[in-house]
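Below is one structure; the comments refer to it alone.
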Amino acid sequence: MSSHQETLEFKSELRQVLNIITHSLYSHKEVFLRELISNASDAIDTVRFNSLSNEEMLEGNREWKIKLIPDTAAGTLTITDNGIGMSRETVVENLGTIARSGTKAFLESLKAAGSGERPELIGQFGVGFYSAFMVADRVTVLSRMAGDPTMGVRWESDGQGSFTVESVPKATRGTDIILHLKEDEKDFLEPWTLRRLVKQFSDFIEHPVVMDVEKENDKKEKEIVEETLNSRKALWLRSKADVTTEEYNAFYQQISGDFTEPAKVIHYTGEGTTEFKVLLFIPGHKPFDMQFGEPKYGPKLYIRRVLIMDHCEQLLPPYLRFVRGVVDSSDLPLNVSRELLQQNPLLERIQRNLVKSVLKALEEMKTSSPEAYSTFFKELGGVLKEGIATDHTNREQVADLMLYESINTESGKTTSLPEYVGAMPAEQKDIYYLTGENRALIEHAPTLEIFRSRGWDVILMTDPIDEFVLPSLHEYRGKHLKAADKGDLEGSDAIPEEEKKKFEGLFGYMKQTLPGIQEVRLSSRLKESASCLVSEEGALGANMERIMAKLGQAGKASERILELNGNHPVVQAVLALHAKAPDDPRCERVVRLLYEQAIIAEGSKLVDPQGFARRVNDLIARDLSDGTGAGM
Ligand code: ADP
């Protein structure tokens with residue numbers, strides 16, 4: 001490797017990020033320290049983990065430490081660690097480009113977000129290292145890889161457009177980040193400022209963050225001692241009674257990058273065949289990284305206090321991917337590869353336990369803080385819902401956690417399946433729902449008239465994922481889930497044969513006239529409206545067809561059933577007209593209008609809206625011209 005100095009350009013995306021960081025994120029500039037300490041801590045975790053299989057790389061130094069060195073004379077603050085370090089290549093790669101796919105999303109969201117939200121973005125996207133340029137006009141990085149004593153690297157930049165790298169000797173393993181503080185940022189050299197910031201942002205970092213300070217000894221002499229600034233408390237190892245809400249909140253914020261409080265804390269020791277400590281958090285809102293792409297999820301996995309993985313996806317199923325936290329196992333083997341570890345059956349056992357605990361915590365939250373739960377559900381209920389389809393063991397518990405609007409709730413208010421079932425009248429056997437795009441479109445659907453008249457509630461499902469989840473939720477607590485607009489309705493009196501006979505001729509004519517209609521029949525659902533469309537039990541249904549069409553999956557539209565209200569005056573009138581004069585053009589017009597109003601009423605789109613308008617206008621014209629309003 002050559003030791004010559006090179007000047008390299010930052011990649012253009014990175015230049016944009018740097019520009020934003022130095023100019024717009026200024027109001028929370030002190031987070032730079034948290035970011036750099038957190039990088040140092042990660043580097044120590046990495047070397048500690050790698051040394052499990054290669055002890056030599058530690059070079060006899062396993063006294064993990066992050067040291068802050070303020071130098072007033074030089075105007076520099078140095079953050080030094082004895083972590084894994086970087087080679088010349090990795091420095092260029094890590095500090096010269098932003099390889100992360102989230103960067104574009106980050107840039108876009110920064111542009112879109114108001115300045116109040118910006119500090120959150122820094123933490124959540126880990127622009128990490130570059131936040132140094134908020135307080136420094138020049139940053140020097142000296143680093144050397146663990147186990148490679150031959151040569152270190154020196155990287156330097158003013159954060160404008162380029163940086164330099166050269167190979168230099170460095171005695172110790174790890175990284176020094178030297179910040180040449182801007183003229184008006186010299187406050188970051190003050191020991192009390194540094195103490196305060198470490199306490200505020202990095203208190204739970206497991207490795208000691210130290211600083212040399214001048215103290216008087218017993219003999220009143222001044223001497224330099226190394227002070228540890230963070231309390232290094234591994235909260236998950238302590239008992240619940242010893243942890244305050246503030247500590248939980250601060251720890252959650254440190255590991256999640258969230259700036260708000262968690263909605264629920266889950267802290268316990270799992271016992272039985274295996275022992276593990278659990279500290280999990282349910283966020284109150286959708287974590288920022290989940291709004292862009294598919295971030296890694298799963299709690300941090302420690303084995304006897306050694307961090308093994310930042311995100312252990314084997315520990316939680318995807319439908320609980322919003323949960324943040326830590327699991328520390330005493331029984332997993334320490335020195336196996338991460339790949340092998342992920343196949344360890346113990347992880348599955350722990351997962352089962354975590355899922356139960358998270359579902360229980362959500363249930364508690366739903367009962368004891370319904371408002372907080374409702375806020376949580378609005379943002380993350382859609383994710384949780386996937387569990388109904390994917391988690392067969394806990395399907396009903398997940399279903400218990402769902403909130404739905406129904407025809408008996410006010411708009412915006414919700415009910416749940418347990419509440420629904422509890423309120424079912426004795427004669428009602430099944431659970432009824434109607435799916436659609438939004439409440440306003442479906443709550444007045446004619447198919448609901450019979451339910452309203454009987455006083456039966458109908459759940460209104462308006463989240464597209466409901467359609468995919470429902471087949472798995474075929475049954476809930478022994479009751480069938482049935483679409484209000486599908487199949488025959490339980491408890492309806494059979495329509496007398498002679499009544500049906502009367503309509504045979506008209507219905508035959510209608511089937512011929514109307515495209516895509518599989519059957520026309522008398523309805524036992526309709527009370528006020530003249531007509532409605534329903535589907536066969538098990539057919540796709542109107543909402544699902546709309547969703548499939550949006551996904552570009554539109555197949556051949558399934559044939560629908562048109563139901564008519566035999567008591568409605570329009571239906572009566574067309575029955576009479578058709579019996580008397582089947583070729584009267586007014587027959588066709590009325591039949592089409594009955595069909596078209598059923599389409600509109602279920603929230604679907606007309607194929608021929610102009611034709612519909614023409615037919616309505618013909619009627620209006622007649623109505624106005626004869627003045628009586630009685631003509632048809
Ligand atoms: P992040 O920490 O989110 O990955 P950063 O921009 O803060 O993003 O850092 C980029 C990369 O540079 C890190 O992923 C790491 O590989 C490397 N790095 C940063 N600081 C250190 C350090 N103190 N020791 C070793 N590597 C580091």
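If every alpha-carbon in the stretch 466-520 counts as one equal scatterer, what log10 I(q)/I(0) does Debye give at q = 0.17 1/Å?
-0.79
Quick one: how many Å² of Leu473 are accessible to a 1.4 Å probe, rounded to 10?
Number for this one is 0 Å².
Given a Förster radius of 35 Å and the C-beta distance between Ala581 and Ser453 as r, what FRET efficiency does 1/(1 + (r/R0)^6) yield to the nearest 0.05?
Once the sixth-power term is evaluated, E becomes 0.50.
If you average 1/r over every pair of different alpha-carbon atoms in the stretch 404-484 and take one over that average, what Kirkwood value in Å do you get?
One over the average 1/r among Cα pairs gives 12.8 Å for the stretch 404-484.
Measure nothing but the geometry: give the 0 to 90° angle between the long axis through the Cα atoms of 12-24 and the longest principal axis through the Cα atoms of the chain, rounded to 10°.
80 degrees
What ranking of Thr140, Thr228 comes out by heavy-atom accessible area, probe 1.4 Å, highest first?
Result, largest first: Thr228, Thr140.
To the nearest 10 degrees, how steep is helix 102-112 against the longest Cα principal axis of the chain, on a 0 to 90 scale?
70 degrees
What are the ³J(HN,Hα) couplings of the stretch 374-384, residue after residue, when phi is run through the Karplus curve with 6.51, -1.76, 1.60 and θ = phi - 60°? Round to Hz, x for glycine and proline.
5, 5, 4, 5, 4, 8, 10, x, x, 6, 4
Accessible surface of Leu237 in the full protein assembly, 1.4 angstrom probe, to the nearest 10 Å²?
70 Å²
So what J values fall out for the stretch 137-152 if you push phi through Karplus, 6.51 cos²θ - 1.76 cosθ + 1.60 with θ = phi - 60°, rounded to Hz, Gly and Pro as x?
9, 8, 10, 10, 10, 10, 8, 8, 5, 4, x, 10, x, 5, 8, x
Expressed as a whole percentage, what fraction of the accessible surface of the stretch 404-484 belongs to carbon and sulfur atoms when a 1.4 Å probe is rolled over the protein heavy atoms?
Within the stretch 404-484, the accessible surface is 51 percent carbon and sulfur.
For Lys29, Lys220, Lys215, Lys360, what's the largest-to-smallest order of accessible area, 1.4 Å probe?
Largest accessible area first, the list is Lys220, Lys360, Lys215, Lys29.
Could you work out what % of the accessible surface of the stretch 235-368 is carbon and sulfur, using a 1.4 angstrom probe and leaving DNA, RNA and ligands out of the count?
The value for the stretch 235-368 is 49 percent carbon and sulfur by accessible area.
Work out from phi, with θ = phi - 60° and the Karplus expression 6.51 cos²θ - 1.76 cosθ + 1.60, the ³J(HN,Hα) of each residue of the stretch 35-41, listed in order in whole Hz, and give x for Gly and Pro.
Values, residue by residue: 5, 6, 5, 5, 4, 5, 5 Hz.
Taking 2.2 N^0.38 Å as the expected size of a compact globular protein, what ratio does the Cα radius of gyration of the stretch 431-572 give against it, to two decimals?
Output field value: 1.09.
Using a 1.4 angstrom probe on the protein heavy atoms only, could you order His392, His4, His568 from most to least accessible area?
Ranked from most to least accessible, the order is His392, His4, His568.
Where only protein heavy atoms count, and the probe is 1.4 Å, what is the accessible area per residue for the chain in Å²?
Normalised by residue count, the accessible surface of the chain is 47 Å².
May I ask what percent, to the nearest 5, of DSSP beta bridges between residues of the stretch 404-484 are antiparallel?
45 percent
Looking at this model, which pairs from Lys378/Lys479; Lys385/Lys527; Lys67/Lys360; Lys286/Lys486 are more than 31 angstrom apart at the alpha-carbon?
In this structure, Lys385/Lys527; Lys67/Lys360; Lys286/Lys486 exceed 31 Å between Cα atoms.
Taking the alpha-carbon centroid of each part, what is the distance from the stretch 563-632 to the stretch 348-421 in angstrom?
Using only Cα atoms, the two centres lie 45 Å from each other.
Given 10 Å bins starting at zero, what is the percent of C-alpha pairs of the stretch 235-368 in each, up to the one with the largest pair distance?
12, 45, 35, 8, 0
Counting only protein heavy atoms, what percent of the accessible surface of the stretch 517-566 is carbon or sulfur at a 1.4 Å probe?
Within the stretch 517-566, the accessible surface is 50 percent carbon and sulfur.
Give me the angle, in degrees from 0 to 90, between the Cα long axis of helix 345-368 and the longest principal axis of the Cα atoms of the chain, rounded to the nearest 10.
60 degrees
What accessible surface, in Å², does a 1.4 Å probe find on Glu190, ignoring ligands, DNA and RNA and rounding to the nearest 10?
80 Å²
Name the shape class, rounded, prolate or oblate, that the alpha-carbon gyration tensor gives for the chain, where a ≥ b ≥ c are the square roots of its eigenvalues, rounded holds for a/c under 1.5, and otherwise prolate holds if a/b is larger than b/c and oblate otherwise.
prolate
The values are calculated or read from the model by the stated rules, or taken from the named source; none is laboratory data. Treat the numbers as computed from the prediction; the structure is a model and nothing was measured. Cβ sites come from the backbone with ideal geometry, for glycine too, and all protein chains shown count toward neighbours. Remember, those area values only see protein heavy atoms, side chains included, never the ligands or the DNA or RNA. Shrake-Rupley method; radii C 1.70, N 1.55, O 1.52, S 1.80 Å.
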